[in-house]
Amino acid sequence: MAEWEAVVGLEVHVHLKTRTKMFCRCALEYGAHENTRTCPVCLAFPGALPVPNAKAIEHTIKLGLALECEIAEHAVFARKNYFYPDLPKGYQISQYEKPLCGRGRFLLPTAGGDEEIGIERAHLEEDAAKTVHAGGETGRTIGAEYSLVDFNRGGTPLLEIVSRPDIRSADQALRYLRLLRQTIVELGISDAEMEKGTMRADVNVSVRERGENGFRPRWELKNMNSFTFIGRGIEAAVRQQVAAYEAGKTLEQSTYDYDPDLDRLTVHRSKEEADDYRYFPEPDLVPVDPPRELVERLRGELPKLPAARIRRIAKELSVAAADELVSTGNDHKAQLLAERGVDWQTAANVAMNEPDFLDANAAAIAAIVKARDTLTREAYDGAFAAARSVSIDAAEYLAQIAVSDTGELDPVIESILAANPQQVETYRGGKEGVLGFFVGQVMKETGGKADPKVVNELLREKLKA
Amino acid sequence: MRPTYGTVSRYGVVAFASSLDQVGPVARTVRDCAFLYSVISGKDPCDSTTVDVPPVELPDGIDLKGVRIGVPKEMNETEGIEPGVAAAVQAALAKAEELGAELGECSLPRSVEYGMPCYYLVAPAEASSNLARYDGVRYGLRVEGRDRLEMYEKTRDAGFGDEPKRRIMLGTYALSAGYYEAYYGQAQKVRTLIKREHDEVFERFDLIASPTSPTVAFALGAKTADPIAMYLSDVLTIPSCMAGLPGLNVPCGLSEGLPVGLQLIGPQRSENVLFRVGHALEQSLGFDPVPERLR
């Protein structure tokens, strides 16, 4: 049986964080009342003309610089023509032959060194309006009685980042997406939240036999809006394609929908039905020639990027742990604690679980974390709860020393064990998870003042008997 | 007059062919035309294709000393030009020479040969895209149908006349996958060539002159059945339009009792020169815009 490998390319769309829309002065406000953020330009009234948003262009260049893309000296907007109710002009202003950002690369640090994902291009365009299908039984397009269009979203600046088909697994695709998302967020150019629809992805998947050159026809999964479904969608596509090839079938390029309930893909549109977008240079706009000084200023504004931070933190932790810490944006807090004497492993755990403390409380939190074994649960949790919003004094919490005196804890534990003979039997029968139950009881009995470490030790000892 | 592309804002103008559309003043005299132009021209933040213009000089006087006028032979000796039209234009040019201008022959072979076919690719392509918004949903005419698609179809069928429909079809075809390079792409290259050919001529001349149209006005409806014959009326104005250049039309005489237009074309943003020459000829030729039978 042949060994198959996945070939995946991703097109990631993010809404850019700007005050106004891409080509008009309408405010961008998530959640505003429907159709109140519109004007003659974004409703495509006769005679209205687009004017590009300079901030959106700067955001795009920033992203391009972070992905080591070639920044165009001469970028051209183009019209992508298609007819749909969410597109009032009958065309979307996008970039086609000459995008703002050309070839680049994105590096994913791993234990075995950096994995390089090529970037084909990144370009700027406007989003379409939002269509809501109403009435009917299914709530979907087919069977709906009528459709409503909210033009508030129409004209939102949209950045599309197209990767090369360099991704070889669902796992790698997710690592790419998570790190790319974190990079975008840290650049301050987008919230990139899939739940809010400010980040979406089109996923191109094909398979080939290991060692095979060239690519087979790809399936495109459109408008995927959750990391989980992207991962499952890729796996489903690979599964279905491999099964087809092994059954001796040939496949053609098509667009698919991922059905999460069935965990499989259903064909949406074949290549023959594909739209012909009739691209041509947008005559209402002059080309964008970003001045060198602007590009250099933006380069100077780039923060230290996530990939570089993963590499650095990976000297202290495993690459996977560093990746997780950085991809969630929690490495900054871990760094603050580590700088104040907390060991890296603990600092990482604390930052992953309790990342919300104010930077100004870092020293107090570090002191409390270091003394955690001697503190009451109450004091420890209380410190983190307060540290989110106000400046805390470590001494106040450090004074709440936990009861670790075995003489004091022994009778409490004895009585709890005596009161719960069934659980004791369960534990002795091999289900050691019950330990947590006993710890909880002891904590409850001591008003949270017992030292959990000592309680654990005592319990194990007594239960062994 | 048709000003230099980009000197007058297109904001608020229903778009037909965006890269060619240009707002221009129409007035009884060249001086009025210049005055109106001074008001409507200049950079507009709502139209990013607009540019700053040099201060407009209102024309005064009839001295044309030092002005070099090129006479492109393809635009003055082409077959389709009616003798009466040619004669009136020649008389106007002779007058210009009298006023001190220097005349010289020049040539724009490719602009004249390819201008028209090039225009009929670019203009319909852009029009097909610009006219997509008239779908009956948000404004304008709507003809109801059984469903959305039928409503679109009926609305567009009723709302557009034959010529827009012809151009939408032509333009959609010219932009289609597989045809773009051969048609729209090629037309854009030819456009660059036309610009360059004009630039070369303007190295030797301040402006060029020709009839505005090969014929005088034809009877209403005379060419409706023959679109190609109709298109040919524009053969002399289209090349400079494709190059984004300014053109001024000045009535210069009669042929068969109907007015003949003299066309003056200059390099980009040379409106002041066109106004100066147009005004001098208007003053000297003594053309009376009021038809004889109405005097």
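Taken together, the values in this text are just the output of simple stated rules run on the coordinates, not laboratory data. The shown structure was predicted, so the numbers you read here are calculated from the model rather than taken from an experiment. Cβ: placed from backbone, ideal geometry, glycine included. Neighbour counts: every protein chain shown.
Averaged across B:167-179, how many Cβ atoms of other chains sit within 10 Å of each residue's Cβ atom?
Values: counts 0, 0, 0, 0, 2, 3, 1, 2, 7, 3, 6, 1, 2.
Per residue, the average neighbour count from other chains is 2.
The stretch A:89-105 to the stretch A:280-316: how many Å between their Cα centroids? If we compute the Cα centre of each part, the gap is 16 Å.
In chain A, Cα pairs under 8 Å separated by at least six residues give a relative contact order of 15 percent.
Note on the stretch A:406-464: Kirkwood hydrodynamic radius from all Cα pairs is 11.3 Å, rounded to one decimal. Note: relative contact order over the stretch A:115-204, using C-alpha pairs below 8 Å and six or more positions apart, is 27 percent. The lysines whose alpha-carbon is closer than 17 Å to the alpha-carbon of A:K431, local same-chain residues fewer than 8 away aside, are A:K462, A:K464. Ratio of Rg to Rh for the stretch A:62-172: 1.12 [Cα atoms; Kirkwood radius as inverse mean 1/r over pairs]. Scaled against 2.2 N^0.38 Å for its residue count N, the alpha carbon radius of gyration of the stretch B:14-76 is 1.46. The tail of the calculated P(r) for the stretch B:196-295, taken as Cα-Cα distances beyond 15 Å, holds 67 percent of the pairs. Rg of the Cα atoms in the stretch A:305-362, relative to 2.2 N^0.38 Å, amounts to 0.98. Across the cross-link table entries A:K17/A:K196; A:K98/A:K304; A:K80/A:K222; B:K73/B:K223; A:K21/A:K196, which are compared at the Cα atoms, the separations over 25 Å belong to A:K98/A:K304; B:K73/B:K223.
Quick one: if you take sqrt(5λ) for each eigenvalue of the C-alpha gyration tensor of the stretch B:1-117, what semi-axes come out, biggest first, whole angstrom?
Values: eigenvalues 175, 92, 35 Å².
In descending order, the three semi-axes are 30, 21, 13 Å.
3J(HN,Hα) couplings calculated from phi for the stretch B:168-175 with the Karplus curve 6.51 cos²θ - 1.76 cosθ + 1.60 (θ = phi - 60°) are, in sequence order, 4, 5, 4, x, 4, 5, 5, 9 Hz; Gly and Pro show x.
Where only DSSP H runs of four or more residues are counted, chain A gives -11000 deg cm²/dmol as its mean residue ellipticity at 222 nm, each run worth -39500 (n - 2.57).
Can you say what percent of the DSSP beta bridges in chain A, counting only those with both residues inside, are antiparallel? Round to 5.
95
Charge tally around A:Y91: other residues with Cβ under 13 Å, Lys/Arg +1 each, Asp/Glu -1 each, net -4.
Below 8 Å, C-alpha to C-alpha, sequence gap of six or more: please give me the relative contact order for the stretch A:385-453 in percent. Display every interim value, and only then the final one.
On the way: 31 pairs, mean separation 24.5, N = 69.
That works out to 36 percent.
Taking a quarter of the surface of the Cα convex hull of the protein assembly as shown gives a mean projected area of 46.7 nm².
Mean residue ellipticity at 222 nm, helices only, chain B: -12500 deg cm²/dmol; runs of at least 4 DSSP H residues each add -39,500 (n - 2.57), and the sum is divided by the number of residues. Remark: chain B is approximated by an ellipsoid whose semi-axes, taken from the C-alpha gyration tensor as √(5λ), come to 35, 21, 21 Å, largest first. Candidate cross-link partners of A:K333 among the aspartates and glutamates, defined by an alpha-carbon separation under 12 Å and a same-chain spacing of 8 or more, comprise A:E354, A:D356, A:D359.
With a cut-off of at most 16 other beta carbons within 10 Å, and DSSP calling the residue loop, which chymotrypsin sites (Phe, Trp or Tyr not before Pro) in the stretch A:6-86 qualify? Please list them.
Counting only loop positions with at most 16 other Cβ atoms within 10 Å, the chymotrypsin sites (Phe, Trp or Tyr not before Pro) in the stretch A:6-86 are A:Y30, A:Y82, A:F83.
In the stretch A:150-210, inverting the average of 1/r over every pair of distinct C-alpha atoms gives 13.5 Å as the Kirkwood radius.
Of the GluC sites (Glu not before Pro) in the stretch A:130-229, the ones in a loop by DSSP (not H, G, I, E or B) with at most 13 other beta carbons within 10 Å are A:E137, A:E145, A:E195, A:E212. Binning all Cα-Cα separations of the stretch A:335-450 at 5 Å, short to long from zero, yields these whole-percent fractions: 2, 11, 18, 17, 15, 12, 11, 8, 4, 1. Per-peptide packing, taken as the mean over residues of other Cβ atoms within 10 Å, places B:65-71, B:169-175 in the sequence B:169-175, B:65-71 from highest down. Across the alpha-carbon set of the stretch A:271-412, the Rg to Rh ratio works out to 1.29, Rh being the Kirkwood radius. The Rg/Rh ratio of the stretch A:34-95, with both radii computed over alpha carbons and Rh defined as the Kirkwood radius, is 1.05. If you take the alpha carbon atoms of the stretch A:4-298 and fit the smallest convex hull around them, that volume is 151 Å³ per residue.
Ranked from highest to lowest mean number of other Cβ atoms within 10 Å per residue, what is the order of the peptides A:378-390, A:3-15? Walk me through the intermediate numbers first.
Working: A:378-390: 17.0, A:3-15: 20.0.
Most protected by this proxy first, the peptides run A:3-15, A:378-390.
Each Lys or Arg adds one and each Asp or Glu takes one away; over the other residues whose Cβ falls under 12 Å from the Cβ of A:C26, this sums to +3.
Here's the list of aspartates and glutamates a cross-link from B:K189 could span, going by alpha-carbon distance under 12 Å and ignoring same-chain residues fewer than 8 apart: B:E181.
Inside 10 Å of the C-beta atoms of A:45-56, what's the mean count of C-beta atoms belonging to other chains? Numbers along the way, then the final one.
Details: counts 6, 10, 6, 5, 13, 3, 6, 1, 0, 0, 0, 0.
Mean inter-chain Cβ contacts per residue within 10 Å come to 4.
Rounded to the nearest 10 degrees, the inclination of helix A:170-187 to the longest alpha-carbon principal axis of chain A is 90 degrees. Counting charges near A:V288 (Lys, Arg +1; Asp, Glu -1) among other residues having Cβ under 10 Å from its Cβ returns a value of -1. Could you pull out the GluC sites (Glu not before Pro) across the stretch B:107-169 that fall in loop regions by DSSP (anything but H, G, I, E, B) with no more than 14 other Cβ atoms inside 10 Å? Qualifying residues, ordered by number: B:E144. Each of A:A338, A:A307, A:N353 was scored by the projection of its Cα onto the charge dipole of the stretch A:304-392, and the greatest displacement toward the positive side belongs to A:A307; charges sit on the C-beta of Lys, Arg, Asp and Glu.
In square nanometres, what is the average projected area of the Cα convex hull of the stretch A:263-328? Before the final figure, lay out the partial values.
Values: hull surface 42.2 nm².
Seen from a random direction, the Cα hull of the stretch A:263-328 projects 10.5 nm² on average.
Taking every residue in B:125-138, how many Cβ atoms of other protein chains lie within 10 Å of its Cβ, on average? Mind showing how you got there, number by number?
Working: counts 3, 5, 0, 4, 10, 7, 2, 10, 10, 3, 5, 0, 4, 6.
Going residue by residue through B:125-138 and averaging, the value is 5.
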